[in-house]
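Let me begin by presenting the structure, written as structure tokens, before commenting on it.
The values are calculated or read from the model by the stated rules, or taken from the named source; none is laboratory data. Since the structure is predicted, the reported quantities are computational estimates derived from the model, not experimental observations. As a convention, Cβ positions derive from the backbone with ideal geometry for all residues, glycine included, and neighbour counts pool all protein chains shown. Only protein heavy atoms, including side chains, enter the accessible area calculation; ligands, DNA and RNA are left aside. Shrake-Rupley method; radii C 1.70, N 1.55, O 1.52, S 1.80 Å.
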Amino acid sequence: MTNVTDQDRVLIFDTTLRDGEQSPGATMTHDEKLEIAELLDDMGVDIIEAGFPIASEGDFKAVSEIAQRSKNARICGLARANFADIDRCWEAVKHAEKNRIHTFIGTSPLHRAIPNLTQDEMAEKIHETVSHARNLCEDVQWSPMDATRTEWDYLCRVIEIAIKAGATTINIPDTVGYTAPIESADLIKRLIETVPGADEVVFATHCHNDLGMATANSLAAVAGGARQIECTINGLGERAGNTALEEVVMALRTRNDIMPWKTGIDTTKIMHISRRVATVSGFPVQFNKAIVGKNAFAHESGIHQDGMLKNRENFEIMRPEDIGLSGTSLPLGKHSGRAALRDKLETLGYEVGDNQLKDIFVRFKDLADRKKEVFDDDLIALMSADDEANDHLQLVSMKVTCGTGGQAEATVELEVDGKDVIATEHGDGPVDATFKAIRAIYPNKAHLQLYQVHAVTEGTDAQATVSVRLEEDGMIATGQSANTDTVVASAKAYISALNRLIMRREKAGPGADAREISYKDLT
Ligand code: KIV
Ligand code: ZN
């Protein structure tokens, strides 16, 4: 149980569902948000920032439902510095047994200029809004956005006002990833020493990764006295992202000799949640990403492999099991039965019911027929395949011819709202021809922002995971699919992104998207 008076305990505040979801393209469906919140709660995250309730009806519903379902975590919502935002936020989080309102305003000269407020006018607004939030909720977090570029005297002044108005946590955001570890530690230390009342609140650190220093800056802030780290799974977030939860947690665990602070996180759940977030956000994890990258525990060179066989500590400072990776990874094959599949899925962190197992077994057999060995990563890709049952567009069949001496030709058959439609198109290569055929069947003006292919395992029969990101009138949707045939995976990922776009168009009315809510609109 969290005890914030314990000086060795650092609270983990996860903002994957708010700041993480703000990364262009990283939209999650309602059910996906509930699933990720449940995983965060289970792994021991202290505070979950579940969304920005005023941003859209969808965000409001997700935060409310996460609040109702939370078991241990405190559920927090974000609100700008105005009463409407704060009231809406409270309406959503009030269902949680433990709740929090997080309200913020940009305090640096650049950010003060956006609403065109003087220092005094902004100070007054901070006093009013934090007091209002505190009248609704006993746990209030306040953030001076762009704190690391705010004048020192003004920063101290507004923090003091927020504390007097009832804030219980003061978060110091490095909004643009501008600070460096020495400065980060020093800033928190001096604020705690200088601001009256600082010893009665928790100081938090919220670092963006524009210069690749977010994790180091967060840990330095803790050394300076911060006792809450704000972070996201896989470091998801605006631009270069945020501090990655897995990095700070494993750094604190591995170097506890020099960083004697503890978190309540069950680290064995890290790998599973990392994979789920990568799938539902459509943001694959880079291979060499610390802790959760595919290569983080891979040893390629002969010297390293030899060293590992003699003593794993020669080249490993953490055990793969500590983050939930099973040490051995024996592949399954076409003769493996249902029990072996269930067993393997359980070791990978998936609990499947009998009906789901039946469905996965069919797809597993189909894959095993095409591929001699089915590795853990193949199964994860299989588990991540979208549920296509309710989709508007479904792939019925496709045929592609390509090669030297001419354009590629693709014939695609789709079921569009129950009706079969066929189109044949030519293009620069098989993927281009396929996408053109899909567009001929379902004309749309969505712009392809990202097309990415990852081989899930090794060999020419490896499954490819394809990610597609589409943008249409400011609305963004991603799709992902895995298949041993890269062109089929590409078609399915494209169709999945289109389905999500259609769903978002239907569900979110105009102005309902989080990114259409401007931080500028502060009145
Ligand atoms: O980066 C930032 O400043 C934020 C605030 C809303 C806390 O995300
Ligand atoms: Zn942020």
In the stretch 351-384, the residues that are under 14 Å from Arg275 (Cα atoms), surrounded by 18 or more Cβ atoms within 10 Å (Cβ to Cβ) and in contact (Cβ under 8 Å) with a residue 60 or more places away in the chain: Asp377, Asp378, Ile380, Ala381, Leu382
Number of positions in the stretch 83-107 that are surrounded by fewer than 20 Cβ atoms within 10 Å (Cβ to Cβ) and among the small types (Gly, Ala, Ser): 1
Given (1) among the hydrophobic types (A, V, I, L, M, F, W, C); (2) without any contact (Cβ under 8 Å) to a residue 40 or more places away in the chain; (3) surrounded by 21 or more Cβ atoms within 10 Å (Cβ to Cβ), index of the condition Met271 fails: (2)
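Among residues belonging to the stretch 137-164 that are open to solvent by less than 10 Å² (accessible area, probe 1.4 Å) and touching a His at 6+ places or on another chain (Cβ under 6 Å), point out the one that is farthest from ligand 2 (Cβ to nearest atom).
Gln141
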Subset of the stretch 23-38 that is among the aliphatic types (A, V, I, L, M) and within 10 Å of Val277 (Cα to Cα) - its residue that is surrounded by the most Cβ atoms within 10 Å (Cβ to Cβ): Ile36
Selected residue [within 16 Å of ligand 1 (Cβ to nearest atom), at pLDDT 95 or above and either surrounded by fewer than 24 Cβ atoms within 10 Å (Cβ to Cβ) or under 26 Å from Ile12 (Cβ atoms) (or both)] from Arg69, Arg134, Arg74, Arg80: Arg80
Residues (within 16 Å of ligand 2 (Cβ to nearest atom), in contact (Cβ under 8 Å) with a residue 60 or more places away in the chain and assigned to a loop (DSSP other than H, G, I, E, B)) located in the stretch 69-109: Ala81
Every residue from the stretch 226-244 that is in a strand (DSSP E or B), under 10 Å from the mean Cα position of the chain (by Cα), more than 10 Å from ligand 2 (Cβ to nearest atom) and not small (Gly, Ala, Ser): Cys231
Restricting the stretch 177-219 to residues that are touching a residue at least 60 places away in the same chain (Cβ under 8 Å) and within 29 Å of Arg134 (Cβ to Cβ), the residue that is surrounded by the fewest Cβ atoms within 10 Å (Cβ to Cβ): Val202
Tally, over the stretch 464-523, of residues that are basic (Lys, Arg), part of a helix (DSSP H, G or I) and either open to solvent by 40 Å² or more (accessible area, probe 1.4 Å) or at pLDDT 85 or above (or both): 5
Among the residues listed as Ala123, Ala96, Ala167, Ala180, the single one being away from ligand 1 (no atom under 11 Å from the Cβ) and under 19 Å from Val202 (Cα atoms): Ala167
